[in-house]
Amino acid sequence: MRLRHVFTISSFAIALPLASVSAQNTEPAAGNWSFSLGVDPTHFDLHPPKFNPGESGAQARMVANLTRSWQSRNSKWTRHISLMVGADAPRQVQPFGPSGGGFGPPCDCPMRYSNRYGGLTAGASYDVFRVSRFTPYITGGTGFYVNGYRRSPVNDVLTPAEVPLYLNGADSHDAFSLGVNAGVGLKVRLGSHELFLEQKFHRFDISQLGVGVNPFSIGFRF
């Protein structure tokens, strides 16, 4: 519970300065909401892995974003605050006993595991150029992220013979960290609204830049 409080307070610490800067502009900036839904192309496979016959389920990592943005008239810069949530499709693993080439007694004790993600970020984007209805842009920012891991037994009860192969088999944890994000996108003007395509890279921890998600998203600004 304490970690959740820290996450909430830290998130406001990022969001409030950004909103304050926006409010101090001599020219009011137009505010817009946008919503996007994406999939991580580096973590997407609808077929079970061939190297582990005991594992089942598709690999799919989905990410959604709700964003509030501000852009002054005739400015190429846009400030934004985003709430990101995402999750991996749950997968199932069957630990091996001697019959499967592993160690320990035979075990019919499959486990289900998945990952969940969240983040509150603040940043800016820059419109590279504009051609008719199309505007390519680059974006980046920083924020606080949570990376959650869940693992639980598929069967409700384990026999004593299964316990040694299932140590720590039902657990969960959440890691909170300060991270960064960057990406490129293309906006398409549709009347008074915008459709956009975006490839973004979220790194959950600035000390471990290899951990994160890379969603390719389709969104709508209204």
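Remark: accessible surface ordering of 205, 174 (largest first) is 174, 205, probe radius 1.4 Å.
Per-residue SASA remark: residue 207, around 90 Å² accessible (1.4 Å probe; ligands, DNA and RNA not included). One chain, two ends: residue 178 and residue 130. Fully extended at 0.36 nm per residue, the span grows by 13.9 nm beyond their Cα-Cα distance.
Net charge within 12 Å of residue 86 by Cβ-Cβ distance, Lys/Arg positive one each and Asp/Glu negative one each, not counting residue 86 itself? Charge balance in the 12 Å sphere: +1. Charge tally for residue 194 (other residues, Cβ to Cβ under 10 Å; Lys, Arg +1; Asp, Glu -1): +4.
The values are calculated or read from the model by the stated rules, or taken from the named source; none is laboratory data. Note that the coordinates shown come from a computational prediction; the quantities given were computed from them, not determined experimentally. Glycine also receives a Cβ, built like all others from the backbone with ideal geometry; neighbour counts cover every protein chain displayed. SASA here: full protein model, heavy atoms, side chains in, ligands and nucleic acids out. Shrake-Rupley method; radii C 1.70, N 1.55, O 1.52, S 1.80 Å.
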